[in-house]
Structures are given as C-alpha cells and as structure tokens.
1. Would you check which residues across region 282-315 are open to solvent by less than 20 Å² (accessible area, probe 1.4 Å) and hydrophobic (A, V, I, L, M, F, W, C) and list them?
2. Hey, LEU43 hits all of (1) assigned to a loop (DSSP other than H, G, I, E, B); (2) closer than 18 Å to LYS317 by Cα; (3) open to solvent by less than 40 Å² (accessible area, probe 1.4 Å) but one; which does it fall short on?
3. Considering LEU129, LEU148, which residue is among the hydrophobic types (A, V, I, L, M, F, W, C) and out of contact with any helix residue (DSSP H, G or I) (no Cβ under 6 Å at 6 or more places or on another chain)?
4. Does region 181-192 contain any residue that is surrounded by 12 or more Cβ atoms within 10 Å (Cβ to Cβ) and farther than 16 Å from ASP282 by Cα?
5. Take residues that are aromatic (Phe, Trp, Tyr) and at pLDDT 95 or above and tell me which of the strands (runs of 3 or more DSSP E) falling wholly in region 84-185 contain 1 or more.
6. Taking region 1-40 only, how many residues are among the β-branched types (Val, Ile, Thr), touching a residue at least 60 places away in the same chain (Cβ under 8 Å) and outside any loop (DSSP other than H, G, I, E, B)?
7. Report, ordered by the first and then the second residue, all pairs with beta carbons closer than 6 Å, sequence separation of six or more or different chains, a first member in region 148-175 that is surrounded by 15 or more Cβ atoms within 10 Å (Cβ to Cβ), and a second member that is among the charged types (D, E, K, R).
Amino acid sequence: MNKPIIHIEQCGFLTTLQDTGRTHYLQFGVSKGGAMDVHAAQLANTLIGNETTAAVLEITQSPHRFRFKKDSIVAFTGGGLQPQLQETLLTINQPLFIPAGATVECKQQLNGFRLYMAEAGGFQADTFLSSYSTDLLVKAGGYEGRPLQKDDILKQHKELSVLQQRLLNVLKAGATVEINHELSTTPKNVIRVLPGVEWDYLDDTTAQLFSQAAFTIGPQSSRMGYRLNEKTLKTNRNCEIISSPVTQGTVQLTPSGELIILMADAQTVGGYPRIAQVCSADLSLLAQKKPGDKIQFQMVSLQEAEQLYMKCVNDLKRVKEVLQSVIK
C-alpha cells in the first residue's frame, strides 16, 4: 500500500495525525494523547467506512491547503474551518469524493477550533505504544512525532475495503450520500460535569459560583489543559493533595483559585484537588473551545452522564449501519 495521497501545500500552526489515543499505558504514567475531539475523529472515520481507530488529521483553526494526488474519499468533521474545493464549499459530516489533482483549502473560519479529516483506508502513521497518535512531548507517533509541515506527503495506510470501493464508485459518479448526524441540543457554552473526588473543598457559596459563573478559556491553554480566567474560587482548605490519578476532563482547583481542565495530553497524576469531572460526552464540545471562549458548568448525575455517553456510542453505531445499508 503506502500510496501518496496528499501533498501539504500550506499548513497551519498545529496539525497532527491522531487516533483515539494510547489508553493502556496510563498506569505507567504515559499520557493518553489522541484526538482532542475523539467523537469527531471517530465520526469522520465511520462516515467513510474506516475503523474508528484509524489515524485522522487534527487541523487547528488556521489556513491550510492540500493537493490530492489520487482519487479519494474523505470526511470532514468537528469545526473551526470550512473546507472548500475551488469555490465550492464542502459539506461537513458527509462522505465526499475528491478527484486526483484537486486542491482543498481550509481558510474560512467557522465556530469551533479543530477540524478533522479522515481518508478512506486511513493515513499511514508511525506507531508508538500501540497508537498512531502524535506525542509532541516525546516526539513519537504520527508523522515523525511532529506537527505536519509544508511539503509533507501523507500516504494511504490500507487498500480500500469492498464497501469503500463501492462508495468511491457512487461518489465518483456524482451521487451524494447524505447521512444525518444527530447534533447535540445542549447550549454550546454549557459543559456538563460530575462532582469530583475533592468536591467538598468548595463551601456552599463557592460551589454555587462554580455552577452559575461564566469562565473564559485562557491564553495559556493547550492540548494538555485549559486554564480558566476571570473567576477564581476561594477555599479555606489547602489546595495541595497527595498526587492522585487524573484524566482528560478532570477539573482541578489551584492554590490561586484558578481552575484547570485537563485535556488529551494531560499527565496521569496531579497534586491539585479534583473538584469536578467533565462528562465524556462533553469532552468533544470542550475540545472545540479556543482561548477567549466562555463556558459554564452544569452539574449532572452519574446516570445522566452515562446516558449522554451511550447516546454518542449509539450515534456512531447508527451512522455505520446507515452507510452499510445505503452502499450495498
């Protein structure tokens, strides 16, 4: 395999190859990594018949231009940028045909911060600890362990499956395959959370402020974590604890009263009180936030969080079934 499929003619400030992360090494202190918006990455793969763990492009909001070297099936998901083929705006959340020699540009900004692009057959990527994800800290995985650059060439990982070959023929003939994706009805700035292990570090007044105030994603935010500005939560207790397990979505309270939400590249243990945990279903929504965006927390029960998670799982399952039924 390993056929060249995309020549990167212009690359923004942080575009990497990612998958669903390396979840089996947390006990050894290895960050999970992977796509910030895992649901968008999985959806992009599912829309074109890939395994959900195939490597995808995570494109951070900034201008990009890709020249396709062969006929391809792609899917764009997430947000932040509007892909276009010449003057035609490409539909997000649908399988698309891109002919050999065509150039796709992403320059018009949309709501969100991270756009995902999957290629039928997947992108070839380096493997590090059973994952294709780029680990920028140790410079491993993905594309030589680094962000993509101008003139990099991306290659196809696997031959097309029978389903993907049929999908290619359908799209190449000019047909469209519309698969309705169930969009969240939650207000875009509301992030649903569960009480954390050290929730009782907050008194009644501060706990009320946590749920009612609007917080701003600070400029010192990254794939490791988001720092929230403006509002600070006061507590009379010592905001240092024995290092304890943390994960993506853990909300920590620092001694200064600032909040930190850990994200995909976060460490596996931390010494700040864990006052809340973002629901898995809303990690994708959070991943689409950028510095300057405002969020508000909403407390939910464990049962509600589980129902929200299963809704995401079932949504992907439904998309897969619809694709298989349409492309026979």
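1. Selection gives LEU286, ALA287, ILE295, PHE297, VAL300, ALA305.
2. So LEU43 meets the others, but not (1).
3. Of the residues listed, the single one that is among the hydrophobic types (A, V, I, L, M, F, W, C) and out of contact with any helix residue (DSSP H, G or I) (no Cβ under 6 Å at 6 or more places or on another chain) is LEU148.
4. yes
5. Passing ranges, in order: 95-98, 114-119.
6. Within region 1-40, residues that are among the β-branched types (Val, Ile, Thr), touching a residue at least 60 places away in the same chain (Cβ under 8 Å) and outside any loop (DSSP other than H, G, I, E, B) number 6.
7. Between residues of region 148-175 that are surrounded by 15 or more Cβ atoms within 10 Å (Cβ to Cβ) and residues that are among the charged types (D, E, K, R), the close pairs are GLN156/LYS3.
Residue-wise test of (1) more than 30 Å from ASP71 (Cβ to Cβ); (2) in contact with a strand residue (DSSP E or B) (Cβ under 6 Å, 6 or more places away or on another chain).
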| site | (1), (2) |
| --- | --- |
| LEU163 | no, no |
| LEU168 | no, yes |
| LEU194 | yes, yes |
| THR205 | yes, no |
| SER221 | yes, yes |
| ASN229 | yes, yes |
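The values are calculated or read from the model by the stated rules, or taken from the named source; none is laboratory data. None of these values were measured; they are calculated from a predicted model. Cβ atoms come from the backbone with ideal geometry, glycine included; neighbour counts cover every protein chain shown. Calculation scope for accessible area: heavy atoms of the full protein, side chains included, ligands and nucleic acids excluded. Shrake-Rupley method; radii C 1.70, N 1.55, O 1.52, S 1.80 Å.
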